[in-house]
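Okay, structure first, notes after.
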Amino acid sequence: YIRLYPKRQRSEAENKDVPLSLSEELQKQVLHNESSVLSSVFPGFHLIPRLSSIVPESCLLITVGLLVGGLIKLAGEKVPPVLDSKLFFLCLLPPIILDAGYFLPIRPFMENLGTILMFAVVGTLWNAFFVGGLLYAVCQMQSAPSDLLNLELLPCLLFGSVVSAVDPVAVLAVFEEIHINELLHILVFGESLLNDAVTVVLYHLFDEYSSVGTVTVVDAVLGVLCFLVVAVGGVLVGAIYGILAAFTSRFTSHTRVIEPLFVFVYSYMAYLSAEMFHLSGIMALIACGAVMRPYVEANISHKSHTTIKYFLKMWSSVSETLIFIFLGVATVDGDHSWNWTFVTVTVILCLVARIIGVVGLTFIINKFRIVKLTTKDQFIIAYGGLRGAIAFSLGYLLDNDRYPMRRMFLTAIITVVFFTVFVQGMTIKPLVELLAVKKKQEAKRSINEEIHTQFLDHLLTGIEDICGHYGHHHWKDKLNRFNKKYIKKCLIAGERSREPQLIAFYHKMEMKQAIELVESGGGVKLPPSVPSTVSMQNIQPKKPPPVERALPQIPKGREDEIRKILRGNLQKTRQRLRSYNRHTLVADPFEDGWSDLLLKKSKMIELEKKMNNYLTVPAAPPDSPTITRARLSSDPQTYQMKQMSDSVPTIQVDLASPQSPDSLSLLDELQRADQRRELRRRPPPDEEEGGLMMRPPQARGGDQGEEGGPSAKEQRLQRCLSDPGPSAEDDEDEPFLS
Amino acid sequence: MGALNSLPDEPQYVGLAEKTGFSFEQIGILHKRFKQLSNNGETLRREDFNTIPDLLCNPIRSEIIEAFFDRRNFRQTDAVGTVHEIGFGEFLLVMSHFRPPSIRLDDEQKEVIRTEKLRFLFNMHDTDNDGTITLEEYRHVVEELLSRSGALGKETAKGIADAAMLEVASISMGHMEPDEFYEGITFEHFNKLLKEFEVESRMNIRFMNMDTTTLCK
């Protein structure tokens with residue numbers, strides 16, 4: 001295919017350079033190394049904050065490339081053709097596309113698929129023909145001595161198709177930094193991904209036709225057919241490889257270390273296979289990533305997931321950097337043929353075509369959309385149509401014989417790329433601010449929103465069914481059910497295949513909160529998410545006899561003191577952590593999988609039930625924050641509590657050994673001691689909480705003889721609990737975190 | 001669609017069109033569907049909804065059906081309680097909650113529509129009509145959503161509902177004494193909670209292109 005098999009023409013030119021002397025070889029190597037070192041240094045731009053807020057990173061990188069190229073030229077060396085199209089399409093482009101495809105937000109993408117396809121297909125076609133056609137017309141209007149008169153229609157159209165495709169790399173680079181709202185982001189980005197099929201087909205077609213010379217209607221129809229095959233074929237190839245990858249990941253529970261490898265290998269193979277059959281490699285890669293992700297993520301270990309995520313980000317970052325730098329180098333080096341008319345007309349036509357295309361298409365699209373696109377949206381979409389390295393590489397691949405104007409084309413392409421990246425890229429951020437375009441939501445996805453999203457889905461599906469209308473939601477629901485019934489069973493290992501989405505989301509959130517809490521040093525620092533003092537107690541309905549308030553034995557002042565100190569640390573994350581204690585964390589629950597965790601949880605619940613049977617007591621009084629604080633923090637409180645335990649009869653469930661006879665014997669002891677004691681019954685959620693359930697040593701009645709001077713012990717207890725001793729905590733944290 | 005050329009009940013439709021905002025075409029189609037569901041009767045009962053096979057797989061089926069019979073959704077001020085059967089007018093009123101907002105609305109009108117839709121959702125959750133969604137009611141909602149998964153069931157549902165409730169309380173109340181009790185989610189809290197949810201653009205059905213072939217089931 002075009003991208004993989006450069007024409008013979010170029011290799012002949014390279015043959016002349018074959019006998020390189022040793023010193024030249026060395027110089028070549030040094031240059032390569034220099035450019036890679038330079039490129040790895042340049043993410044250091046982030047250290048200059050003001051600079052990177054004004055100028056997008058892509059511009060800076062191109063500038064660096066220009067400098068490097070200039071330096072090399074000054075040194076009198078011949079710049080190696082670093083932006084070799086083969087290198088570009090085989091090595092530099094796939095990581096970026098895979099990163100985009102794997103992390104593609106499926107829901108907004110699917111919801112807007114119609115719009116995206118319209119822009120990608122019809123928009124690109126319009127751009128190509130408009131630019132190509134008008135350029136030809138302008139060329140014909142030139143006076144006699146001009147070169148441009150020799151330019152025929154088909155090469156113009158070819159040029160138009162190359163220069164009109166919105167580039168995913170450039171769009172990603174610029175849009176990452178402006179944090180625009182999800183809808184616009186997915187529209188422009190989706191368009192840049194899907195227009196690959198169109199570009200491929202047009203390029204191929206015009207290339208072939210320009211050698212034939214004439215085009216008939218049959219050819220045009222065949223062209224359309226070709227497009228369908230390329231696009232759909234690419235997606236199918238990607239989907240097949242995605243399913244294969246998902247299926248493979250089902251069996252990798254014993255070889256966790258190489259799980260990320262499967263993801264990368266299958267994706268790359270999808271890309272190569274598609275390119276080999278002259279299908280759209282980019283679409284294959286996107287389809288592969290998007291299809292395999294839900295299943296793979298359910299199967300692989302947490303560590304593999306992290307590995308995949310960071311490797312993808314790393315590779316795509318490096319690729320992007322290299323692409324822009326090499327673009328700069330190639331600009332300095334390339335042999336240009338500057339033609340004022342051609343270049344300026346190209347740039348103007350590109351802009352005009354884009355604007356007209358977007359406005360016209362939106363007019364049609366809005367008739368079919370529920371959420372219409374406003375003028376502001378249209379402007380951003382039009383303005384966000386950046387060209388990039390793909391256009392350049394495609395131009396580079398053109399055959400020099402057949403296209404004598406190749407150098408002029410390249411110059412024009414580079415000018416357009418520079419214009420869009422520099423001018424549009426730099427000004428889009430201030431324009432977004434100026435127009436007050438809606439930005440990306442900063443808020444974390446809350447569990448309420450997730451519940452309501454699901455609820456709304458079912459509701460709308462139900463209403464559609466009542467209307468008898470087979471709409472959007474109906475088919476989505478059918479697909480989901482099919483997915484759940486058949487596909488998930490095949491592709492996801494074990495218990496996870498039956499886990500509904502809401503629970504999966506909830507668990508993910510729990511995990512995240514748990515990790516955050518541990519990393520923040522056991523709760524000493526308050527997570528800033530929702531600064532409130534509302535806790536589980538506040539929402540639990542009180543039991544009818546409010547016995548608890550009648551029994552406070554701790555002096556009120558002490559209560560308040562403790563409460564004040566510990567209130568700040570009691571956050572909603574408390575009940576997130578209930579299934580974790582130090583031991584399960586150390587044993588790395590991520591590796592054991594959810595089923596184990598859930599088993600443990602259910603065991604804990606059973607144990608609780610047993611305990612509740614022994615104790616006919618209401619739950620803890622106001623200073624239960626003390627205890628829960630102990631339960632929360634990874635460590636020191638618990639150990640300190642243990643020291644006290646021999647003198648103070650506490651109900652201590654040490655989860656290191658949930659069913660150990662020791663804990664149960666303690667219970668027996670307490671059962672005898674507790675005839676008159678009344679501890680307030682814990683609010684219901686605590687029943688499920690598997691954390692260390694420490695019942696406080698509340699000396700309720702005066703005649704708890706066995707407790708032996710409860711007040712003294714209590715005070716010691718409370719004193720030690722009210723002094724958390726941050727340094728101790730940090731020490732405790734180290735071994736786990738390292 | 002030739003059937004639309006002759007709408008026998010057109011004079012009645014004018015009143016309905018004004019109240020609900022549907023076009024005559026849409027009302028005609030929905031009337032057809034109503035007749036189908038009610039077996040050409042004048043009123044619709046709960047059992048009539050059982051004839052829709054796809055609805056049986058829906059986890060929140062009972063809530064949806066209840067919503068049709070809930071007086072609070074009939075746009076009569078201060079009506080509470082449920083009815084046993086509904087006429088076409090009420091059917092249309094309930095359906096109108098799912099109409100997409102016109103693009104030409106100003107912010108105030110958009111706010112009104114948004115409040116309406118949120119109110120509908122609220123009413124679906126608040127089954128005992130007391131104006132707040134208590135923890136029990138919310139738990140019920142989550143249980144229903146998870147009801148088709150069976151396996152993990154009640155405990156997890158409880159946990160999720162509790163977490164969600166805690167979140168609402170944190171967002172709405174901010175600061176609470178440990179012995180204060182959060183009664184339940186009132187409509188203002190509900191509004192605040194789902195501020196970012198964009199209900200007005202998500203809670204919509206396309207009533208435009210319904211064709212009669214699919215209606216014949």
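Per-residue shielding of A:509-516, expressed as the average number of other chain Cβ atoms within 10 Å of the residue Cβ, stands at 1.
Cut-off 13 Å, label point 7 angstrom out along Cα-to-Cβ of residue A:117: give me the residues of the range A:229-245 whose amide nitrogen falls inside. A:229, A:231-233, A:235, by backbone N distance to the label point.
Shown for A:300, A:282: other C-beta atoms within 10 Å of each C-beta, ranked fewest to most, produce the order A:300, A:282.
Cβ-Cβ distance of residue B:136 and residue A:208, R₀ of 56 Å, FRET efficiency by 1/(1 + (r/R0)^6): the value works out to about 0.20. Across the range A:120-129, coupling constants 3J(HN,Hα) worked out from phi with the 6.51/-1.76/1.60 Karplus curve, θ = phi - 60°, read 5, 7, 5, x, 5, 4, 4, 4, 4, 6 Hz, and Gly and Pro carry x. One compactness figure for the range B:32-183 is 1.22, namely its Cα radius of gyration divided by 2.2 N^0.38 Å. Residues in the range B:112-120 carry Karplus couplings, in order, of 4, 5, 4, 4, 4, 5, 5, 4, 4 Hz; the curve used is 6.51 cos²θ - 1.76 cosθ + 1.60 with θ = phi - 60°, and Gly or Pro positions show x. Using Cβ point charges alone (K and R +1, D and E -1), the dipole size of the range B:95-137 about the Cα centre works out to roughly 400 debye. Using R0 = 56 Å, the C-beta based FRET efficiency linking residue B:183 and residue A:480 works out to 0.95. Highest mean first, the peptides B:117-126, A:361-370, A:315-324 sorted by other C-beta atoms within 10 Å per residue fall in the order A:315-324, B:117-126, A:361-370. Across the range B:78-85, rounded Karplus estimates of 3J(HN,Hα) from the backbone phi angles (6.51 cos²θ - 1.76 cosθ + 1.60, θ = phi - 60°) give 6, 8, 10, x, 10, 10, 8, 8 Hz, Gly and Pro being marked x.
The packing ranking, built from the mean of other Cβ atoms within 10 Å per residue, places the peptides A:89-96, A:391-398 in the order A:391-398, A:89-96, highest first. Taking label positions 7 Å along the Cα-Cβ direction at both residue B:14 and residue B:83, the computed distance is 2.3 nm, reported to one decimal. This model, with +1 at the C-beta of Lys and Arg and -1 at the C-beta of Asp and Glu, gives the range B:1-135 a dipole about its Cα centre of some 300 debye.
The simple Förster model, with R0 at 51 Å and r as the Cβ-Cβ distance, assigns residue B:110 and residue A:247 a FRET efficiency of 0.60. Cross-link pairs exceeding 27 Å between alpha carbons, from the set A:476/B:32; A:303/A:438; A:485/B:158; A:376/A:478; A:372/A:476; A:476/B:117: A:303/A:438; A:376/A:478.
Distant-in-sequence amide contacts of residue B:185, defined by a placed amide H-H separation under 5 Å and a gap of 5 or more residues or a different chain, comprise B:133, B:134.
Here each label is just a point 7 Å from Cα along the line to Cβ, and for residue A:335 and residue A:311 those points are 4.3 nm apart. Put a dot 7 Å past the Cα of residue A:434, heading toward its Cβ, do the same for residue A:487, and the two dots end up 4.5 nm apart.
None of the figures in this text is laboratory data; all of them are computed from the coordinates on show. Just so we're clear, the structure is a prediction, and the values are computed from it rather than from any experiment. FYI the Cβ positions are ideal-geometry reconstructions off the backbone, even for glycines, and counts take in every protein chain you see.
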